[in-house]
């Protein structure tokens with residue numbers, strides 16, 4: 001028989017978000033890792049806030065919300081706050097009750113600036129990497145480094161000469177700009193929308209756009225992100241930033257670092273060897289890397305595994321929303337990159353670790 005449509009709303013309920021989220025949902029394997037990492041950051045959270053004053057949004061909620069934004073490809077903080085009002089799984093992940101109201105979007109964005117001020121996202125990424133190390137999911141000796149261009153939140157129409165003085169005021173919302181035949185470069189022009197973005201090309205014959213450069217250091221055992229950095233897109237940013245990230249690898253033992261042909265330069269290879277690093281760099285026609293390195297099986301293995309770093313960039317640009325950045329400036333995009341790569345690590349760790357280890 002046809003069922004009746006009941007329009008009466010239940011007035012009282014004893015259900016909690018914990019009971020409504022399926023027991024086999026993948027996010028249940030991520031939440032314990034996040035909670036353990038956040039508990040380690042409690043002393044840092046205490047230093048961030050004064051003892052007196054009006055209570056703010058807890059930093060644990062800010063970090064967990066940033067993870068959900070990356071995991072579920074949410075476009076903005078405002079859209080997340082709207083979804084938090086009705087999505088019970090989001091409330092469960094943030095340890096909220098069903099009746100708790102969502103955050104105000106403006107307050108959420110302002111409170112998130114405190115994470116930037118105290119570099120909490122960097123500590124959170126470090127805590128998750130330390131948890132992966134405790135579970136023996138990391139390689140301590142073999143790494144891969146690479147970089148990619150991330151399109152800035154700025155249009156080519158915002159470029160103007162640096163010597164013009166004040167930023168020109170736009171009368172129209174989307175004016176027509178005829179720049180054909182006008183030479184433009186990073187030395188003479190900058191964007192009025194995002195002055196830190198720089199003109200770059202993804203390859204020969206490609207159009208120039210405003211970009212930042214994203215750099216990742218990956219360990220070769222399970223493809224987890226060990227370090228991530230966002231910089232201006234200069235011609236030497238990939239190699240310079242790679243050396244900085246390699247130098248921060250803990251320990252004094254010899255390690256190997258795989259990379260593509262863009263790193264096959266005398267400066268990079270020489271600097272690696274001075275740091276007790278074996279450069280497993282893909283060879284150009286006239287390569288600085290000789291048979292002392294390439295004759296070993298480890299070199300061939302590194303060249304095969306290094307391509308997995310493209311999976312990280314693919315996830316960051318599709319799921320993580322990094323195909324076109326949402327924020328202006330290196331500093332804010334660095335926060336986004338650290339939270340997005342942390343979310344990527346959590347997804348990988350949840351798949352790799354056995355259930356009883358969580």
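The values are calculated or read from the model by the stated rules, or taken from the named source; none is laboratory data. What you see is a predicted model, and the numbers here were worked out from it, not measured in a lab. Using ideal geometry, Cβ is built from the backbone for each residue, glycine included, and neighbour counts are taken over all protein chains shown.
For this structure, a couple of remarks:
- Filter pass, residue 177 being touching a helix residue (DSSP H, G or I) at 6+ places or on another chain (Cβ under 6 Å) and either in a helix (DSSP H, G or I) or at pLDDT below 95 (or both): yes
- Test for residue 321: is it assigned by TED's automatic domain parsing to the domain that holds residue 215, buried (at least 16 other Cβ atoms within 10 Å of the Cβ) and either at pLDDT 95 or above or not in a helix (DSSP H, G or I) (or both): yes
- The condition (being assigned to a helix (DSSP H, G or I), over 20 Å from residue 239 (Cβ atoms) and in contact with a helix residue (DSSP H, G or I) (Cβ under 6 Å, 6 or more places away or on another chain)) is satisfied by just one residue among 338, 331, 311: 338.
- Output for the range 205-257, where each listed residue is exposed (fewer than 15 other Cβ atoms within 10 Å of the Cβ), in contact with a strand residue (DSSP E or B) (Cβ under 8 Å, 6 or more places away or on another chain) and more than 30 Å from residue 185 (Cβ to Cβ): 248, 254
- Members of the range 280-300 found to be surrounded by 13 or more Cβ atoms within 10 Å (Cβ to Cβ), free of Cβ contacts under 8 Å to residues at least 12 places away in the same chain and in a helix (DSSP H, G or I), listed by number: 294
- For residue 258, the conditions (1) at pLDDT 95 or above; (2) assigned to a helix (DSSP H, G or I) all hold with the exception of (2).
- Considering the conditions (1) surrounded by 14 or more Cβ atoms within 10 Å (Cβ to Cβ); (2) assigned to a helix (DSSP H, G or I), residue 351 is excluded by exactly one of them, (1).
- Any hit, the range 136-152, residues being free of Cβ contacts under 8 Å to residues at least 60 places away in the same chain and in contact with a strand residue (DSSP E or B) (Cβ under 6 Å, 6 or more places away or on another chain): no
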